[in-house]
1. If you go through the range 96-105 one residue at a time, do you hit one that is in a helix (DSSP H, G or I) and at pLDDT below 95?
2. Does the range 341-357 hold any residues that are surrounded by 16 or more Cβ atoms within 10 Å (Cβ to Cβ) and of a type in the set (Val, Ile, Thr), and which are they?
3. Restricting attention to the range 341-365, which residues are over 36 Å from the mean Cα position of the chain (by Cα), over 14 Å from Lys312 (Cα atoms) and either among the acidic types (Asp, Glu) or assigned to a loop (DSSP other than H, G, I, E, B) (or both)?
4. Being assigned to a helix (DSSP H, G or I), open to solvent by less than 50 Å² (accessible area, probe 1.4 Å) and touching a residue at least 40 places away in the same chain (Cβ under 8 Å) is the filter; apply it to the range 27-52 and report the residue that is nearest to Ala99 (Cα to Cα).
5. Looking only at the range 161-170, decide whether some residue is of a type in the set (D, E, K, R) and part of a strand (DSSP E or B).
6. Listed residues Asp92, Asp86; which is within 15 Å of Leu42 (Cβ to Cβ) and of a type in the set (Asp, Glu)?
7. Could you check, for the range 297-304, whether at least one of its residues is open to solvent by less than 100 Å² (accessible area, probe 1.4 Å), modelled with pLDDT under 80 and closer than 22 Å to Arg342 by Cβ?
8. Between a residue in the range 283-300 that is more than 10 Å from Val344 (Cα to Cα) and any residue that is open to solvent by 100 Å² or more (accessible area, probe 1.4 Å) and not in a helix (DSSP H, G or I), which pairs come within a Cβ distance under 7 Å, given they are 6 or more apart or on different chains?
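The values are calculated or read from the model by the stated rules, or taken from the named source; none is laboratory data. Quick caveat, the model's predicted, so the values are computed rather than measured. With ideal geometry, Cβ positions are generated from the backbone for all residues, glycine too; neighbour counts draw on all protein chains shown. When the accessible area is computed, the model is the full protein with side chains, heavy atoms only, and any ligands, DNA or RNA have been set aside. Shrake-Rupley method; radii C 1.70, N 1.55, O 1.52, S 1.80 Å.
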Amino acid sequence: MALIFPRLANNFIKNGYFPTDQATLERIVTALDVAGNELRILDPCCGEGAALHRVGEALAECGAAVQTCGVEFDAERAWHAKTVLDLAIHADIQDVVVAPRSMGLLFLNPPYGDAVADRAQTGDKGPDRLEKIFFRRTFQSLAFGGVLVLIVPYYVLDAEFAGLLARNFDRLRFHMAPEQQFKQCVVFGVRRRSDRPEPRTVSALIAAGKGEAHDQGLPECWTAEPYAVPEIAGGEGHFHAVRIDAAQLAAEVARLHPHTLWPQFRIHFGGTKGAHRPPLTEMGRWHLALALAAGQAHGIVSSGSGRTLLIKGDTYKDKVRSVELAESPDGSVSETVILTDRFVPVIRGIDFTPGSGFGSIVTIQ
């Protein structure tokens with residue numbers, strides 16, 4: 001499987017996209033093991049999905065059922081990831097909801113570089129690193145005991161980043177990646193409850209960030225205790241986007257078609273064909289509001305001109321504002337604001353008339 005599209009092969013450094021090279025990836029998977037039968041793993045910057053797919057394959061070879069979840073901002077790469085991962089979302093990571101402690105492994109190779117500085121509220125504070133932003137946004141998706149695989153340039157491991165890692169992870173190990181075009185390192189860890197960081201661990205990470213651990217290369221064959229990915233089962237709704245584009249919505253409707261309401265459309269909207277008894281007198285606005293609130297105005301209606309609407313009535317409460325001015329004997333003027341409740345009936349419909357208006361939403365108010 002190619003790591004990137006051929007058309008992008010000479011352009012992948014742009015926009016902070018640094019795909020995990022094959023040599024580093026193959027050494028990473030030798031350090032992983034499974035500690036359960038049902039696993040869920042996440043790559044919040046999955047690119048084409050090749051790296052997480054390979055990790056999922058390696059864990060599956062250990063006898064576990066693995067669900068792979070990825071997020072990618074670039075549309076072309078995201079749609080390729082959808083073909084190789086179980087769940088892939090084309091969105092900004094800020095628009096994706098990942099339930100806390102819902103993942104057994106976090107494979108994080110984030111964008112590299114400085115974020116845009118926001119000096120409006122922070123004064124002289126400079127720009128933050130993208131690596132830190134993505135780490136803070138995603139590491140809490142790991143369950144306690146979950147495995148972190150972090151791939152970043154070694155020089156971003158400053159005191160702040162080292163402290164953040166040491167507070168939230170045990171068994172932290174630093175290794176230089178075999179491919180050094182982007183000065184990458186690999187950091188392994190096991191998530192724990194946040195606690196005071198071990199000073200020696202922080203010092204070791206800071207030293208590595210200064211370039212003092214270049215001799216600690218990632219071994220071709222892992223001989224130390226492996227990092228076992230814990231079991232994560234169930235958890236429906238743990239991973240979804242806040243908003244998606246039209247193409248993804250169409251794909252989801254097609255994928256979930258047997259489980260949506262569309263096959264039952266006629267059952268829900270075609271069951272009220274009995275004739276209603278007409279009112280004794282013309283209804284006032286209050287009666288109309290009550291009828292709409294009770295759901296009596298609904299179904300398919302047709303006009304004499306042939307226009308057909310599927311309508312649903314409702315009513316909501318609004319307030320009418322009025323102001324009264326009163327002058328006292330001493331010449332002062334007082335103002336009284338009066339808010340009066342008003343029930344507003346409204347009917348919304350879907351235009352089923354063949355032609356250019358078919359499917360449009362009509363509001364009658």
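1. Start the filter on the range 96-105 by keeping residues that are in a helix (DSSP H, G or I), which leaves none.
Checked against the condition, which is being in a helix (DSSP H, G or I) and at pLDDT below 95, the range 96-105 yields no hits at all.
2. Listed by number, the residues that qualify are Ile347, Ile350, Thr353.
3. Asp341, Thr353, Pro354, Gly355 - these are the residues of the range 341-365 that are over 36 Å from the mean Cα position of the chain (by Cα), over 14 Å from Lys312 (Cα atoms) and either among the acidic types (Asp, Glu) or assigned to a loop (DSSP other than H, G, I, E, B) (or both).
4. Residues of the range 27-52 assigned to a helix (DSSP H, G or I): 27-29, 50-52.
Add one more test, that the residue is open to solvent by less than 50 Å² (accessible area, probe 1.4 Å), and what stays is 28-29, 50-52.
In the following step, the residues that additionally are touching a residue at least 40 places away in the same chain (Cβ under 8 Å) were identified as 28, 50-52.
On the way: Ile28: 25, Ala50: 24, Ala51: 22, Leu52: 19 Å.
Applying the filter and picking the extreme gives Leu52.
5. Step one: list which residues in the range 161-170 are of a type in the set (D, E, K, R), which gives 167, 170.
Going one step further and asking which of them are part of a strand (DSSP E or B), we end up with 170.
For the range 161-170, residues of a type in the set (D, E, K, R) and part of a strand (DSSP E or B): present.
6. Details: Asp92 fails: within 15 Å of Leu42 (Cβ to Cβ).
It is Asp86.
7. Scanning the range 297-304, I find at least one residue that is open to solvent by less than 100 Å² (accessible area, probe 1.4 Å), modelled with pLDDT under 80 and closer than 22 Å to Arg342 by Cβ, so the answer is yes.
8. His298/Lys312
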